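Here's the structure we're looking at; comments come further down.
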Amino acid sequence: MLNILLQGFYMKTKILNNSRISSLSKLNRLLLSEPYNGAKSFILVDENTYTHCLPVLISKVSALENAEFFEVPVGEEAKSLEVAAQLWGALLDSGADRNSVILNLGGGCVSDIGGFVAAGFKRGIRYINIPTTLIGMIDAAIGGKTAVNVENAKNQVGFFHQPEAVCIYPDFLDTLEPKDLVSGIYEMAKTLLLCDKSAFDRLVRLASGCVKIPLKEIATFIPQCVDFKKSVVESDPCEKSIRKILNLGHTFGHAIESYLNEKVQPIPHGIAVGIGLKCELYLSVKKLGMSEKTYEDYCRMLHYLCELPKFTLKDTEGILSYMRLDKKNSDSLILCVLLQEIGAPVIDVALDENEIRDALLKFGKF
Ligand code: GLY
């Protein structure tokens, strides 16, 4: 499998792949060189990555043998101001300084809170993401979005603070539960819908035809997704324009996730995005004339991979109330990314509330 180490995120980004040297060896070399050599290192883990990934990291990256580690709660619970304050206190107690570096070993929740803590500590210290989930590898770890949740609404407070490096070691995917892999496949579908029809078709064929998810084949899409995300972020790091395309599926997805987490039962981020993507592709057909076949292909994969919740009218109204809170809205219009066709996204499409209700109710009727 491909190993990737992205370094120095902006123009000088290097992607070191197609090499026999593992990305963890490259990380070791990086940490032993200037300006890391001698810096205090702190590894952020959750309970899962503490058990399954930290031993691998420490055994392969000798530069981290004296690193301290901090454990945060699993999942969205980690992304709170309280956890951030505890981590800032722990860093101070451990003598962290402006030269220190935080290594986030985990999925999107670990990199979101770790990046947030790095952005705030002493007005900004360095951090490196070592994603252990598929979503982390293709999306969350890249691009410098950091955030915590406030009052059950996702990512309401945060900074753009770019990681110094992103170290992708695909063997960590072996430690994932099926629902987390499925989450990553939906996010992968989002990326391929934005950029490459033949790759999207191949993913659908692979992911909706097998009893067991073919992990090795799925992992072959990682470099393309990484390249695409990197190029979008490099041209618009602070999401003023083109970067908004990466929110495809997320206007509905975030609201679904926040609503279900608070009122029903928690749902993994990527699965909420998968549902959101279906709603947004449905509206893409209705409003922008996207091909129905693309919608149907996506739905086939979505429903094949996972059993999904059903929404009642009450749920629909609850989700709508979270959509009104979304950061991407302006002047009380609900703005969304839709597709004209694969590879042709349109940003800032205004939706009225009846269109949103229609898409959510349609969701249960495939
Ligand atoms: N996950 C979307 C972005 O990084 O912009």
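The table for this structure:
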read-out: Burial ranking of peptide ranges 189-196, 353-360, 89-96, 108-115 (average Cβ count within 10 Å, highest at the top); value: 108-115, 189-196, 353-360, 89-96
read-out: The chain, helix-only ellipticity at 222 nm - DSSP H runs n ≥ 4, -39,500 (n - 2.57), divided by all residues, nearest 500; value: -14500 deg cm²/dmol
read-out: For F70, residues with placed amide H under 5 Å, excluding near neighbours; value: I43, L44, V45
read-out: Cα gyration tensor, the range 51-141 - rounded (a/c under 1.5), prolate or oblate; value: oblate
read-out: Exceeding the 19 Å Cα-Cα cut-off - candidates K179/K216; K190/K263; K179/K263; K263/K314; K190/K230; value: K190/K263; K179/K263
read-out: Loop trypsin sites (Lys or Arg not before Pro), the range 290-325 (other Cβ atoms within 10 Å of the site Cβ: 16 or fewer; DSSP); value: K310
read-out: Gyration tensor (alpha-carbon) shape descriptor, the range 260-314, a/c threshold 1.5; value: prolate
read-out: Residues with amide H under 5 Å from that of M290, placed H, sequence gap 5 or more; value: V285
read-out: L5 long-range amide H proximity, modeled H, under 5 Å; value: L16, I168
read-out: Low-density loop positions, GluC sites (Glu not before Pro), the range 28-77 - DSSP coil, at most 11 other Cβ in 10 Å; value: E65
read-out: Among beta bridges that DSSP assigns inside the chain, antiparallel share in %, nearest 5; value: 55
read-out: Fraction of accessible area attributable to carbon and sulfur, the chain (%, probe 1.4 Å); value: 51
read-out: Set of lysines near K60 by C-alpha distance (under 19 Å), chain-local residues within fewer than 8 positions excluded; value: K26, K40
read-out: Solvent-accessible surface ranking, highest first, for D46, D171 at 1.4 angstrom; value: D171, D46
read-out: Most mobile listed residue (V45, V117, V211) in the chain, GNM with C-alpha springs under 10 Å; value: V211
read-out: Furthest towards positive pole of dipole, L203, G318, V182, structure part the chain, Cβ charges; value: L203
read-out: Hits among lysines - C-alpha to C-alpha of K197 under 18 Å, sequence gap 8 or more where chains match; value: K229, K278, K293
read-out: Equivalent-ellipsoid semi-axes of the chain, from the Cα gyration tensor, Å, largest first; value: 34, 22, 18
read-out: From phi via Karplus (6.51, -1.76, 1.60), per-residue ³J(HN,Hα) for the range 148-154 in Hz, x at Gly/Pro; value: 10, 8, 10, 6, 6, 9, 5
read-out: Per-residue ³J(HN,Hα) for the range 219-231, Karplus 6.51 cos²θ - 1.76 cosθ + 1.60, θ = phi - 60°, Hz, x for Gly and Pro; value: 5, 5, 7, 4, x, 5, 5, 5, 4, 5, 4, 4, 5
read-out: Highest-first arrangement of 216-229, 148-161, where packing means the average Cβ count within 10 Å; value: 216-229, 148-161
read-out: Computed magnitude of the charge dipole of the chain (debye, nearest 20; Cβ of K, R +1, Cβ of D, E -1); value: 800
read-out: Table column - 3J(HN,Hα) (Hz), the range 87-98, Karplus curve with 6.51, -1.76, 1.60, x for Gly and Pro; value: 5, 4, x, 5, 5, 4, 4, 8, x, 5, 10, 5
read-out: The range 334-366 versus the range 66-116: alpha-carbon centroid distance in Å; value: 36
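The values are calculated or read from the model by the stated rules, or taken from the named source; none is laboratory data. These numbers come from a predicted model, not from an experiment. Positions of Cβ are backbone-derived with ideal geometry, glycine not excepted, and every protein chain shown enters the neighbour counts. Just the protein is used for accessible areas: all its heavy atoms, side chains included, with ligands, DNA and RNA removed. Shrake-Rupley method; radii C 1.70, N 1.55, O 1.52, S 1.80 Å.
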